Amino acid sequence: MDVNEKYFSNITARERAIFEGGISMGALFHQFVGTPVNVKTKDNLERTIAESFKLQPAIEDVEVKINLTDTTEFDYISLSGDMLDVKIHTQVENVKAVIRIEFIEELNYPLMYVEEISE
């Protein structure tokens, strides 16, 4: 029995595409929030986040943008959720999903949500 049959036979490809993106987004958020970052390291951190999460099952692409605010007198700040604009693209069978986190001004909150599903 293959892994998909054994562990994912109780959900649809659509549900799995959303699950894989959502679980990766949660891990990304909790793994990288607090990381020291400045204008010199921002691009490398964006690439590192994207490349590391592309290794996860069903992840097709990851787009990461860090919106830096002012740095401190020590020339860096800690990465926070409101600085993240990330899209995780997943594919399971013929289903594609885009899971996103971005700061929503009207909510004053970095919201994780399903941005798009296509079959």
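Taken residue by residue, the stretch 83-91 has no member that is of a type in the set (Ser, Thr, Tyr) and surrounded by fewer than 16 Cβ atoms within 10 Å (Cβ to Cβ).
Count of the stretch 61-119 residues, restricted to those that are part of a loop (DSSP other than H, G, I, E, B), in contact (Cβ under 8 Å) with a residue 12 or more places away in the chain and of a type in the set (A, V, I, L, M), is 2. VAL39 fulfils the conditions (1) open to solvent by less than 80 Å² (accessible area, probe 1.4 Å); (2) among the hydrophobic types (A, V, I, L, M, F, W, C); (3) more than 21 Å from GLU116 (Cβ to Cβ); (4) in contact (Cβ under 8 Å) with a residue 24 or more places away in the chain except for a single criterion, (1).
So is GLU46 open to solvent by 60 Å² or more (accessible area, probe 1.4 Å), of a type in the set (D, E, K, R) and out of contact with any helix residue (DSSP H, G or I) (no Cβ under 6 Å at 6 or more places or on another chain) or not? No, not satisfied.
The values are calculated or read from the model by the stated rules, or taken from the named source; none is laboratory data. Just so it is clear, the structure is predicted and the values come from calculations on it, not from any experiment. Virtual Cβ from ideal backbone geometry, glycine too; neighbours counted across all protein chains shown. These area figures cover heavy atoms from the full protein model, side chains too; ligands, DNA and RNA do not enter into them. Shrake-Rupley method; radii C 1.70, N 1.55, O 1.52, S 1.80 Å.
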